[in-house]
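Notes to accompany the following structure.
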Amino acid sequence: MYRYFRHLVLTATSWALGSSNDEILVGGQAVIEGVMMRSPKGYSVAVRRQDGTIRVIKDSLQTVGDKWKAFKLPVLRGVGVLGQALVLGIKALRFSAEEVLAEEGAKKEKPTDIQKTSSWLIAGNLILALGVNILMFVVLPLFLTRFIQTQTGFESSVVFNSVDGLFRVLVFVTFLYTVSWMNDMKRVFQYHGAEHKTVYNFEAREELHVRNARKYSTLHPRCGTSFLLVVMVVSIFVFSIAHFDSVTAKLLSRIVLLPLVAGISYEIIRYSAKHPGSLMRLVTFPGLLLQRITTKEPDETQLEIAIRALQEALTV
């Protein structure tokens, strides 16, 4: 039962462990005992099994913008990139979960039973994780803000959405800090740090090697943690403009307008990554601080996995 709970927590946290990369950048995501890396032309997932062997899957990748030209436009390109990143993240989590379940259940279950279990586990956890995220980051902050509004009587839409946004940030930080104390999540956060160091190694145009990657920071501006924090700030402005009075309408608008909020946030992250000296970089600074929770210093074996994943992705 614990392995199912462990996978649920990782699935619910996965949006903070990826990167908001685009077609000209590399990025990735931490998974169970491994890393997924994406290059301009493909992706790869490398996972280390308990016996020390490394399992790898990789495939070519066509961007959403190449398939549909509309997704090359500002804001829309962010929706396309993030949607594709979500799909890749699910594939990577599925592969890593199947590898772990195959090892843990090898002595107890038949291979076919393991496959069925992992399929049901991943599908169920995806649905449950989506529900948990909506409850924590949409419903709970909204109703807490509504309660305060009824107690104080303020009417300003800007104040309402600012308080709502503040609650979302508090819930977000509390959730990440809480799961960071789980031993399994600490290892995932180490792989998250390994992914960032490897990306820095690649961006510096140095040979992909442990000795080179080791010297870089575990904090990266294009991280999903930074992106989610920007989303929460941007949502305050978007929801203030799209004003609704009833709680039901506010709740539905937060779900319906999420692609727009994500698209705008993506443009901010993209611009700050390409213009490190701009004032826009200040927007991502709080996210870098928050990464002190979601990234940990990796060991050499974890850096090897991240480097292997990127090398495989670059050769697709």
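The values are calculated or read from the model by the stated rules, or taken from the named source; none is laboratory data. All values derive from a computational prediction rather than experimental measurement. Ideal geometry is used to build each Cβ from the backbone, glycine not excepted, and the neighbour counts take in all protein chains shown.
Selection of segment 262-276 for residues being of a type in the set (A, V, I, L, M) and farther than 14 Å from L228 by Cβ yields only A273. Filtering segment 254-262 for residues that are crowded, with 18+ Cβ neighbours inside 10 Å, over 26 Å from V139 (Cα atoms), at pLDDT 80 or above and out of contact with any strand residue (DSSP E or B) (no Cβ under 8 Å at 6 or more places or on another chain) leaves an empty set. Reported count of residues in segment 196-213, each being in a helix (DSSP H, G or I) and among the charged types (D, E, K, R), is 3.
For the condition modelled with pLDDT of 85 or more and under 26 Å from the mean Cα position of the chain (by Cα), what is the one hit in L121, L142, L128, L101? Matching residue, one of L121, L142, L128, L101: L142.
Taking segment 199-253 as the search range and keeping residues that are modelled with pLDDT under 85 and among the charged types (D, E, K, R), which one is surrounded by the fewest Cβ atoms within 10 Å (Cβ to Cβ)? Residue satisfying both the conditions and the ranking: D245.
Only one of the numbered conditions (1) over 19 Å from N183 (Cα atoms); (2) modelled with pLDDT of 90 or more is violated by Q29, and that is (1). Just one residue in the set V75, V159 is out of contact with any helix residue (DSSP H, G or I) (no Cβ under 7 Å at 6 or more places or on another chain), surrounded by fewer than 20 Cβ atoms within 10 Å (Cβ to Cβ), modelled with pLDDT of 85 or more and among the aliphatic types (A, V, I, L, M); that residue is V159. Of all residues in segment 226-244, one or more are of a type outside the set (S, T, N, Q), touching a residue at least 40 places away in the same chain (Cβ under 8 Å), more than 15 Å from D299 (Cβ to Cβ) and touching a strand residue (DSSP E or B) at 6+ places or on another chain (Cβ under 9 Å). Counting only strands (runs of 3 or more DSSP E) that fall entirely inside segment 30-69 and contain at least 2 residues that are out of contact with any helix residue (DSSP H, G or I) (no Cβ under 7 Å at 6 or more places or on another chain), the qualifying elements are 54-60.
Output the residues belonging to segment 174-187 that are surrounded by fewer than 16 Cβ atoms within 10 Å (Cβ to Cβ) and in a helix (DSSP H, G or I). Those that are surrounded by fewer than 16 Cβ atoms within 10 Å (Cβ to Cβ) and in a helix (DSSP H, G or I): T174, Y177, T178, N183, K186. Of all the residues in segment 145-191, those that are within 23 Å of the chain's Cα centre (by Cα) and within 16 Å of S246 (Cα to Cα) number 1.
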